[in-house]
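Engineer: Have a look at this one.
The values are calculated or read from the model by the stated rules, or taken from the named source; none is laboratory data. In this text, all values refer to a predicted model and were calculated from it rather than measured experimentally. Backbone-built Cβ (ideal geometry, glycine too); neighbour counts: all protein chains shown. Note: areas computed on protein heavy atoms with side chains; ligands, DNA, RNA excluded. Shrake-Rupley method; radii C 1.70, N 1.55, O 1.52, S 1.80 Å.
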Amino acid sequence: MAQEPYDIVVIGSGPAGCTAAVYAARAGMRTLMIAGVTPGGQLMLTTVVENFPGFPEGVNGPDLMDRMREQAERAGAEVVHEDVREVDLSTYPFKVYAGDSEYSALSIVVATGAASKWLGLESEKRFIGRGVSSCATCDAPLFKGAKNIVVVGGGDSAMEYALFCANLAERVTVIHRRDRLRASKAMQDRAFANPKITFVWNSVVDEILGDVRVRAVKVRDVKTGETGVIECDAVFVAIGHAPATEFLRGWVELDEDGYIVTRDLVRTSVDGVFAAGDVHDKKYKQAITAAGFGCMAALEAVRFVEGVKLGQVRPQLIAKAVGEKR
Ligand code: NAP
């Protein structure tokens, strides 16, 4: 049976999604936040967040996200834990398909963030859940007492993972494809100062070796071509993220890396559909900037919905144009 359309459907429940839901609901909009089966975004995978204003002692990422979701609910947003499979923007109200449900929306805020990238090795796939992971905060405690843990990558995530693992394992080996880190100076300093962490520079992992679990990685020096084997109990891959936009392909303009193309900060190529956070922001990618974008997207969505209700906006024509373009 067709459901009454929501004024604003927020897709995603990281800092951008939760903030959008708070602003939309507080503006009196009937708001649904489709939080995903694994809600909360990337902060769920982090330990202490020290740069989110208002928490001088730092705050645990998952705790911060619990509080943001609670705030959205208290503001009046409904929350469902489903993954969005598809949208249909050639009809108005817009349609959003999540799990087995179908929702309609006068406006949509996309705040689906970005997911971890993988190395793309066949052996990596084989060992996921058996020693290979993209989330040290979630899985490294399983390797407490390990002789060696490998972390792949040279960014802040890799340093954070290395430091986290150093509290649990005897040794941590960071394998990075260049001879210098991308991570912030503060994180580099901490990692370099930790005697348990060693670095293998200019090197890539070609294969993950093991039996029922990970035993080692095969590495190759990209400058000399020399290969070697490093024994380890676990491999944490921290090589960046890819935006979660597959369900929008063909509907909303995406760039070559799959990020939503925006104008005026949060507007997408479809009127009434707004983007917030890491799903379009390649540059800043911070919880606080994502929250800021969530606020902006919600304010724009509220204005759009008000326009629709006053008859000033003709979204049916937009939907028709989107359908024809597709
Ligand atoms: P990132 O900054 O994009 O770094 C990704 C790293 O992985 C880079 O060093 C990159 O190498 C390497 N890499 C990429 N593809 C690779 C491949 N196929 N094989 C091997 N190595 C590969 O990603 P991130 O570390 O996840 O950080 C994302 C954002 O979140 C950043 O803005 C970061 O500052 C922020 N963050 C902050 C904190 C914190 O403040 N505590 C913690 C985590 C993340 P190259 O350097 O050669 O490109």
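Engineer: Please report, in debye to the nearest 20, how large the charge dipole of region 173-326 is about its Cα centre when each Lys and Arg carries +1 at its beta carbon and each Asp and Glu carries -1 there.
Structural biologist: Dipole of region 173-326, to the nearest 20 debye: 300 debye.
Engineer: Counting only helical runs of four or more DSSP H residues, what would the 222 nm mean residue ellipticity of the chain come to if each run contributes -39,500 (n - 2.57) and the total is spread over all its residues?
Structural biologist: -8500 deg cm²/dmol
Engineer: Tell me the carbon and sulfur percent of the accessible area for region 118-237, rounded to whole percent, probe radius 1.4 Å.
Structural biologist: Looking at region 118-237 in its full context, I get 50 percent from C and S.
Engineer: Just the Kirkwood number for region 1-100, please: inverse of mean 1/r across all distinct Cα pairs, in Å, one decimal.
Structural biologist: 14.3 Å
Engineer: So which of Lys147/Lys282; Lys285/Lys309; Lys147/Lys223 end up more than 32 Å apart, counting from Cα to Cα?
Structural biologist: Lys147/Lys282; Lys285/Lys309
Engineer: Express in Å², to the nearest 10, the accessible area of Ser134 obtained by rolling a 1.4 Å probe over the protein heavy atoms while all chains stay in place.
Structural biologist: Only protein atoms counted, so the area is about 20 Å².
Engineer: Here's something else I'd like to know. Kindly report, to the nearest 10 Å², the accessible surface of Tyr103 as traced by a 1.4 Å probe over protein heavy atoms only.
Structural biologist: 20 Å²
Engineer: Against the longest principal axis of the chain, how steep is helix 15-26, in degrees 0 to 90 to the nearest 10, with axes from Cα atoms?
Structural biologist: 20 degrees
Engineer: Between Ala242 and Arg314, what is the FRET efficiency for a Förster distance of 22 Å, r being their Cβ-Cβ separation, to the nearest 0.05?
Structural biologist: Given R0 = 22 Å and the Cβ-Cβ separation, E is 0.05.
Engineer: Calculate, for Val80 and Glu256, the FRET efficiency according to 1/(1 + (r/R0)^6) with r their C-beta to C-beta distance and R0 41 Å; round to the nearest 0.05.
Structural biologist: Efficiency at R0 = 41 Å is approximately 0.80.
Engineer: Let me cross-check Thr47: its accessible surface, 1.4 Å probe, with only protein heavy atoms counted, in Å² to the nearest 10?
Structural biologist: Spelled out: Thr47, probe radius 1.4 Å, area about 40 Å².
Engineer: Dividing the Cα convex hull volume of the chain by residue count, how many Å³ per residue is that?
Structural biologist: 147 Å³
Engineer: Additional query: Testing the spin-label approximation: label points 7 Å from Cα along Cα→Cβ at Glu102 and Ser116. State their distance in nm.
Structural biologist: Each label point is offset 7 Å from its Cα along the Cβ direction, giving 3.6 nm.
Engineer: Can you list residues from other chains, or at least 5 along the same chain, whose modelled amide H is less than 5 Å from the amide H of Ala115?
Structural biologist: Those qualifying (amide H under 5 Å, at least 5 residues apart or on another chain) are Ala242, Ala244.
Engineer: If you place +1 on the Cβ of every Lys and Arg and -1 on the Cβ of every Asp and Glu, how big does the dipole about the Cα centre of region 118-237 come out, in debye to the nearest 20?
Structural biologist: So the magnitude is around 140 debye.
Engineer: Given the convex hull of the Cα atoms of region 228-273, what is a quarter of its surface area in nm²?
Structural biologist: 5.7 nm²
Engineer: On average, how much accessible surface per residue is there in the chain, in Å², for a 1.4 Å probe, leaving out ligands, DNA and RNA?
Structural biologist: About 49 Å² of surface per residue is accessible.
Engineer: Considering the options His280, Met159, Val270, tell which one lies farthest towards the positive end of the dipole of the chain, charges being +1 on Lys and Arg and -1 on Asp and Glu at the Cβ, about the Cα centre.
Structural biologist: Farthest along the dipole direction, towards plus: Met159.
Engineer: Right, something else. Run through the DSSP bridge list for region 118-237 and note the antiparallel percent, rounded to the nearest 5.
Structural biologist: Beta bridges within region 118-237, antiparallel portion: roughly 45 percent.
Engineer: Sorting Leu163, Leu209 by accessible area (1.4 Å probe), largest first, what list results?
Structural biologist: Result, largest first: Leu209, Leu163.
Engineer: Next question. Calculate the length of the line joining the C-alpha centroid of region 110-125 to that of region 169-219, in whole Å.
Structural biologist: Centre-to-centre (Cα) distance: 19 Å.
Engineer: Only Lys, Arg, Asp and Glu count, each charged at its Cβ (+1, +1, -1, -1), so figure out the dipole size of the chain about its Cα centre, rounded to 20 debye.
Structural biologist: Once rounded to the nearest 20, the dipole reads 560 debye.
Engineer: How large, in Å, is region 118-237 by the Kirkwood hydrodynamic radius built from its alpha-carbon pairs?
Structural biologist: Averaging 1/r across every pair of different Cα atoms and inverting gives 13.9 Å.
Engineer: Right, here's the next one. Assuming R0 = 30 Å, can you tell me the calculated FRET efficiency for the pair Asn194 and Glu226, based on Cβ-Cβ distance, to the nearest 0.05?
Structural biologist: The formula returns an efficiency of 0.70 here.
Engineer: Pull up the cross-link candidates among the aspartates and glutamates for Lys185, meaning alpha carbon to alpha carbon under 16 Å and not fewer than 8 places away within one chain.
Structural biologist: Counting by Cα, and skipping residues close in sequence, Lys185 has these aspartates and glutamates nearby: Glu50, Asp156, Glu160.
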